[in-house]
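Heads up, the thing below is written out as structure tokens.
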Amino acid sequence: MACNSCATGEDGQPKGCKNNGTCGTDSCNKLTVFDWLANMSLPNGQKPFIGVEVRFKNGRKHYYKNTENLTLSIGDIVATQAKSGHDIGMVTLTGELVSVQMKRKKVRLDDAENVLKIYRKASQKDIDIWSVSRDKEEPMKVKARQFAIDLNLKMKISDIEFQGDGSKATFYYTAEERVDFRELIKVFAREFRTRIEMKQVGFRQEAARLGGIGSCGRELCCSTWLTDFRSVSTSAARYQQLSLNPLKLAGQCGKLKCCLNYELDAYLDALKAFPRNDTKLYTEKGNAVCQKTDIFKGLMWYAYEGEWMNWHVITTDQANEIIEKNKKKEKVASLEEYAAEHIEDTKNEFENVVGQDSLTRFDSPKSNKKRKKNRNNRNNKNRNNNSNGNTNNRNNRNKSQNRNRNQKPKAKPNANTKKN
């Protein structure tokens, strides 16, 4: 998410608008709404809608009445009415689209208890008090969690939100069981010196407030655009033939992912043409049981009882045809006569998807100079070693010849010499 004033820094990295969540276009925040009616003028004589949508911390939104006829636009910081004191928020939507949003969320403009009014545009003093209160929230959250641990309470304090005037702090927590936090409130009031309000939220609401990155690599749907949390059951995964692995099906909130419901209706419509998986096909060769279905191709795999390794693939129309004959107490000869049409050639023919050119046609060929140089050095070294060896052999041979030449020959004994 980025606003129009965000720029690109070095190396293509986003620089950001540096407005800390208060940019004028309000596109850096969570749960933004595009005002597609902004460029349309009202009919003559019609007054503009006085409802205004105001956003607070972490996507919390409320609707207020602009009874003072203030000139408001998206991104303005306003002081709004609260049950006690006033609160500071940011205008996220004005005009006729607010009435559409209120109708969708079933909020009535004449509901005086829930739809309050806007006092004024926030002054610099209001903004300073609001900023100081926001800076206190993070260190308070650390202390509050420690206090809850010391009291052995099975709860998790996920977030703290100060009212705009700093007179009240709302502690959002999650718990699986009912928690008695009366002693905890006394500790908070004594330590933080402000009015305390405890509000329990669900695990999905906690993930929406904190935000994060999902397994798909995108920001969490609940923290960017999803506002209504519908129940998700494991049957949604079964209909889509997904593996019932809790590590893959659970989101960061610990519950089943909301995106399991996105394509569920399309799968349910496609499954209307499929027979039930537990319906057997009765043939003269034997009874066949469904082993696998392919929703996208409309195919089903059956195997005879006792021959579980041999699967026969048929279409849904053929399966329904066989079932209709079985209802009339008629049996087909075998599944092979239906499955013969769907035998596919398993030979894979790989093609070059980028054309006939090589993928490395733009790469510079590697130079063989270094290899040739190493080969030449190795040959020269061998040649030198051989020449040195030949020279040494030659020198040794000459030395031996000279040694033999210098030695005096021994006198041969004469046969005519008489022995003494």
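The values are calculated or read from the model by the stated rules, or taken from the named source; none is laboratory data. As the structure is a computational prediction, the values presented were derived from the model and not from experiment. Cβ coordinates were reconstructed from backbone atoms using ideal geometry, including for glycine residues, and neighbour counts include every protein chain displayed. These accessible areas exclude ligands, DNA and RNA; they are computed on the full protein's heavy atoms, side chains included. Shrake-Rupley method; radii C 1.70, N 1.55, O 1.52, S 1.80 Å.
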**Complete:** Loop-resident GluC sites (Glu not before Pro) in region 128-198 with no more than 10 other Cβ atoms inside 10 Å, DSSP not H/G/I/E/B, are GLU176, GLU177
**Asked** For region 163-318, which whole-number percentage of the solvent-accessible area (1.4 Å probe, protein heavy atoms only) is attributable to carbon and sulfur atoms?
**Response** 50 percent
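Please report the carbon-and-sulfur percent of the accessible area for region 55-97; probe 1.4 Å, protein heavy atoms only, DNA, RNA and ligands left out.
Values: 720 of 1650 Å².
Roughly 44 percent of what the probe reaches on region 55-97 is carbon or sulfur.
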**Prompt:** Taking a ≥ b ≥ c as the square roots of the eigenvalues of the Cα gyration tensor of region 276-343, is the shape rounded (a/c under 1.5), prolate (a/b larger than b/c) or oblate?
**Reply:** rounded
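Select from region 239-280 those trypsin sites (Lys or Arg not before Pro) which occupy a DSSP coil region and have at most 11 other Cβ atoms within 10 Å, ordered by residue number. Don't skip to the answer; put the middle values down first.
Working: sites: LYS248, LYS255, LYS257, LYS272, ARG276, LYS280; in loops: LYS255, LYS257, LYS272, ARG276, LYS280.
Qualifying residues, ordered by number: LYS272, ARG276.
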**Asked** Amide H to amide H under 5 Å from VAL332: which residues, 5+ apart in sequence or cross-chain, H placed 1.01 Å off N in plane?
**Response** GLU284
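Looking at the square roots a ≥ b ≥ c of the eigenvalues of the Cα gyration tensor of region 114-166, which shape do they give, rounded for a/c under 1.5, prolate if a/b is larger than b/c, or oblate? Kindly include the intermediate steps, with their values, before the conclusion.
On the way: a/c = 5.17, a/b = 2.08, b/c = 2.49.
Because a/c hits 1.5 or more and a/b fails to exceed b/c, region 114-166 counts as oblate.
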**Message:** Can you compute the modelled spin-label distance between ASN277 and TRP301, with each label point 7 Å from Cα toward Cβ, in nm?
**Reply:** 1.3 nm
**Request:** Work out how much length GLU336 to ASP228 would gain on full extension: take 0.36 nm times their residue separation and subtract the Cα-Cα distance, in nm to one decimal.
**Result:** 33.9 nm
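State the extension gain, in nm to one decimal, for the chain segment bounded by LEU244 and MET198, taking 0.36 nm per residue of separation less the distance between their alpha-carbons.
Computed gain between LEU244 and MET198 is 12.9 nm.
Add +1 for every Lys or Arg and -1 for every Asp or Glu among the other residues with Cβ under 15 Å from the Cβ of LYS285, and state the total.
-3
Can you tell me how much longer the chain between ARG60 and ILE213 gets when fully stretched, taken as 0.36 nm per residue apart minus their C-alpha distance, in nm with one decimal? Kindly include the intermediate steps, with their values, before the conclusion.
Working: separation 153, 0.36 × 153 = 55.08 nm, distance 1.96 nm.
Fully extending the segment from ARG60 to ILE213 adds 53.1 nm.
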**Request:** With r as the distance between the Cβ atoms of SER99 and SER131 and R0 = 25 Å, compute the FRET efficiency 1/(1 + (r/R0)^6) and round to 0.05.
**Result:** 0.15
**Complete:** Using alpha carbon centers only, region 270-313 is separated from region 116-178 by a whole-angstrom value of 59 Å
**Complete:** By the Cα gyration tensor axes a ≥ b ≥ c (a/c under 1.5 gives rounded; else a/b larger than b/c gives prolate, otherwise oblate), the shape of region 33-163 is prolate
**Request:** Any chance you could look up the accessible area of LEU247 with a 1.4 Å probe, heavy atoms only, rounded to 10 Å²?
**Result:** 150 Å²
**Asked** In what order, largest first, do SER123, SER231, SER223 sit by accessible area if the probe radius is 1.4 Å?
**Response** SER231, SER123, SER223
**Prompt:** Between GLU113 and VAL142, what FRET efficiency comes out of the Förster formula 1/(1 + (r/R0)^6) with R0 = 30 Å and r the beta carbon distance, rounded to 0.05?
**Reply:** 0.30
**Asked** Between ASP150 and ASN310, what FRET efficiency follows from the Cβ-Cβ distance if R0 is 60 Å, with the result rounded to 0.05?
**Response** 0.35
